[in-house]
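Derivation of every value follows stated rules applied to the coordinates shown; laboratory data play no part. A quick note: this is a predicted structure, and the numbers were derived from the prediction, not measured. Methodologically, a virtual Cβ is constructed for each residue, glycine included, from the backbone with ideal geometry; neighbour enumeration extends over all protein chains shown.
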Amino acid sequence: MAGLLSLAQIVSVMDRYLLSVVLESVKRDLTLTDTQLGLLQGPSFVLLFTLASLPFGRLADFVNRRMIIGFGLIFWSVATASCALAGTFTELMLARLAVGLGEAALMPAAMSLIVAYFSSDKLNRGMAVYSMGSSLGRAAGFVGGGAVFAYFAASGGLRLFSLGLFTAWHAVFLVAGGVGILAALVFLLSVREPPRPSGVISGWDFRGGFRHFWDHRRAYLAVFVPFGMVNAMTQQLAAWTVSFYQRQHGLTAAAAAALIGTTGLLCGPAGHLSGGWLTDRLGLRGVRGAQPVVLSAILLTAPFFVVVFARAPSVSLAAVSFGMAYFLMSAAGPVGYGGSQAPTPNEHRGIISAIFLMFFMVLGAGLGPLAAGVVGDHVFQGKAKLGSAIISTTLVFALIGLPFALSGRGAFDRAVINKRWR
């Protein structure tokens, strides 16, 4: 089950990051600024994603979760393919909005399914397998997307029946949409919906979930905000690293994408598995508030490697530093996912997952890519402005997240204990 959910996550993240692979071509063909590119990668995706997460979260508490994910996967895959029809900034933004709307269906239902299948002492490892799809999806987006882009760039584009000739970057989105529809069929044919515990209440009443969140807000914010800030760092690197390698080190888009995807493939899954294993081990050893502790450590150490990456004089040092930063940020995945569920009773898992999703998507995907684009356009000048923007925003993200993790650790531990005694 965790592997099949990871497959859906792979497709989701792959579709999200394909734009980063072809960013410079999109910028040239559509005559866009870095701020507009940041809007396309962040807010345009996040807006409907965030608005739809609450209704999808409530649905996950009483509707068939397999069907929610399967049909959501089909919807966002079609929306990804529709990016190939975009000829203006507005058209591409509308397509990205539709991708975000579809992808909002995945996480609340996926986390509810994992909790249904895994015992509490193995929950973080189940979350690690699922969240590993993030790294594998980025690798698929960068390596696969880069390879597809290079192929169609060399062959002069893609001619598809009566639809005409698609340029290389348009063809990338068409191919990805087809892959997603195939993955949806595999998922729907393979997954079994588990029975729900007694006491599940259907309907659209959000009050119970929001009340539970508000009553334990310090506990949840000790995970939600720090993880959101780690996600902002991750999303920022994913959005701008291809362009950074092109501008700073002179790599082609395909070469940069292959390097990023390979580095992520080596370091990302190891980080996800390590984060899940470490959190479970700390819990078994009696460490109180293990999730905020691990998130604090990541926020303290990851920025160092981001600084080295952005200032590295060579591609090899930049790649090694990127890999170390990516390993640490990936370790936060199962910590955040598991931490959102640890204090949460069964009847509120969908709503709490949706609130968690809103936090880390608004703070991460919404803020991360946009912040670097705006700071690069308006604060720094010269060839190194993108690297300087990445450094400054990363340090700000860390400074925002740390106080929440450190001050909320005790409240988080008490909320977990209270949930166990319900």
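Odds and ends about this structure:
- Cross-link partners for residue 122 among the aspartates and glutamates, with Cα-Cα distance under 14 Å and sequence neighbours closer than 8 places in the same chain left out: 280.
- Between the Cα long axis of helix 2-21 and the first principal axis of the chain there is an angle of about 30°, rounded to the nearest 10.
- Inter-centroid distance (Cα atoms) of region 17-50 relative to region 346-422, Å: 20
- Annotation: aspartates and glutamates with alpha-carbon distance below 16 angstrom to residue 27 (same-chain offsets under eight excluded): 91, 377.
- Dipole check for region 361-422: with +1 at the C-beta of Lys and Arg, -1 at the C-beta of Asp and Glu, and the Cα centre as origin, the magnitude is about 380 Debye.
- Relative to the dominant Cα principal axis of the chain, helix 106-117 is inclined by about 40°.
- Anisotropy class of region 94-203 from Cα gyration tensor, a/c 1.5 cut: prolate
- Mean separation of Cα contacts under 8 Å, 6 or more apart, over the residue count of the chain: relative contact order %: 28
- Longest to shortest principal axis, alpha-carbon extents of region 43-150, angstrom: 49, 31, 22
- Whole-Å semi-axes of the ellipsoid equivalent to the chain (Cα gyration tensor, √5λ, descending): 33, 26, 18
- Shape parameters for region 326-383, alpha-carbon atoms, Rg then Dmax in Å: 16.1, 53
- Degrees between helix 123-139 axis and first principal axis of the chain (Cα, 0 to 90, nearest 10): 10
- Normalised radius of gyration (Cα atoms, divided by 2.2 N^0.38 Å) for region 1-71: 1.42.
- Share of Cα-Cα pairs in region 252-399 lying beyond 21 Å, as whole percent: 53
- q = 0.15, 0.28 Å⁻¹: log10 I(q)/I(0) that the Debye formula gives for region 75-130, counting C-alpha atoms only: -0.56, -0.98
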